[in-house]
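The values are calculated or read from the model by the stated rules, or taken from the named source; none is laboratory data. Being a predicted model, the structure only gives us computed values, none of them experimental. Reconstructed Cβ throughout: ideal geometry from the backbone, glycine too, with neighbour counts over all protein chains shown.
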């Protein structure tokens, strides 16, 4: 297992954002924006993509901001032929208390060798996952 320090020292920081991190970023979290700007890779799971768009009361401006954001990051698809992502998702779902959408998000971070940025504390109980608060 790699620690946060190992990622920081390599100079090649990679991030997957949970839905609450995307919301925080689009609400103007400057610290998070600076971290992402310096990253080698930024992505979100298709689950995060769908969760964001499903928010009740999302304005046209919110949708436009999200559209601009997703054009600059990888939206990682969920495909049954992606054996690694499927196996990691099933492992997380079966061996932790994560619900399926969170298992997919966590598995996406692991498969992309990325730090998961989230404010959800339940991810911190997953030993194979490196988590950073936003």
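Residue 80 falls short on exactly one of the conditions (1) assigned to a loop (DSSP other than H, G, I, E, B); (2) at pLDDT 95 or above; (3) in contact with a helix residue (DSSP H, G or I) (Cβ under 8 Å, 6 or more places away or on another chain), and that condition is (2).
Filtered by the rule that a residue be free of Cβ contacts under 8 Å to residues at least 12 places away in the same chain and in a loop (DSSP other than H, G, I, E, B), the stretch 56-73 gives 56, 57, 58, 59, 71. Restricting the stretch 1-43 to residues that are modelled with pLDDT under 85 and in a loop (DSSP other than H, G, I, E, B) leaves a set whose member that is farthest from residue 70 (Cα to Cα) is 1. Please pick out the residue among 85, 98 that is more than 11 Å from the chain's Cα centre (by Cα), closer than 15 Å to residue 47 by Cβ and part of a loop (DSSP other than H, G, I, E, B). Answer to the selection: 98.
So that you can scan it fast, the table gives a plain yes or no per residue for (1) surrounded by 14 or more Cβ atoms within 10 Å (Cβ to Cβ); (2) closer than 19 Å to residue 100 by Cβ:
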position: 39; (1), (2): yes, no
position: 44; (1), (2): yes, yes
position: 48; (1), (2): yes, yes
position: 51; (1), (2): yes, yes
position: 56; (1), (2): no, no
position: 59; (1), (2): no, no
position: 67; (1), (2): no, no
position: 76; (1), (2): yes, yes
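Only one of the numbered conditions (1) surrounded by 17 or more Cβ atoms within 10 Å (Cβ to Cβ); (2) modelled with pLDDT of 95 or more is not met by residue 134, and that is (2).
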